[in-house]
Amino acid sequence: MKINYRKAFNKLKAIGAPVIEGGWNGEDTFRISGEYNDEKIWADYWNQNFGQCGIAHEIQQILTEHDLFAEWINGGVLGVYEI
């Protein structure tokens, strides 16, 4: 993984965000689950009024710090990409 992806991945993992290594199509990136919201809601595709586009502010902030952004792949998974 590129250094900006790795740093963001590690920070998100440290705060308990549901990160998944590997991109949707096998890229050397990571994804964020929108389905593991047991103790905290991290992402909610069906509630676009939550956070920014259904993504928790903490996730958005960490991704932005590393020149990354998240986009819904489907209702359960966010892909992470470079700006």
> Tally time: how many residues in the stretch 42-62 are surrounded by fewer than 18 Cβ atoms within 10 Å (Cβ to Cβ) and either part of a helix (DSSP H, G or I) or under 11 Å from the mean Cα position of the chain (by Cα) (or both)?
Replying inline: 4
> Counting just the residues of the stretch 63-83 that are under 21 Å from Gly26 (Cβ atoms) and of a type in the set (Asp, Glu), which one comes out nearest to the chain's Cα centre (by Cα)?
Replying inline: Glu71
> Does Ala17 meet the test of being outside any loop (DSSP other than H, G, I, E, B), surrounded by 15 or more Cβ atoms within 10 Å (Cβ to Cβ) and among the aliphatic types (A, V, I, L, M)?
Replying inline: no
>> I need the full set of residues from the stretch 22-74 which are polar (S, T, N, Q), within 17 Å of Ile3 (Cα to Cα) and in contact (Cβ under 8 Å) with a residue 40 or more places away in the chain, in order please.
In response: Thr29
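Every number in this text was worked out from the coordinates using simple rules, so none of it is lab data. Model, not experiment: these values are computed from the prediction. Virtual Cβ from ideal backbone geometry, glycine too; neighbours counted across all protein chains shown.
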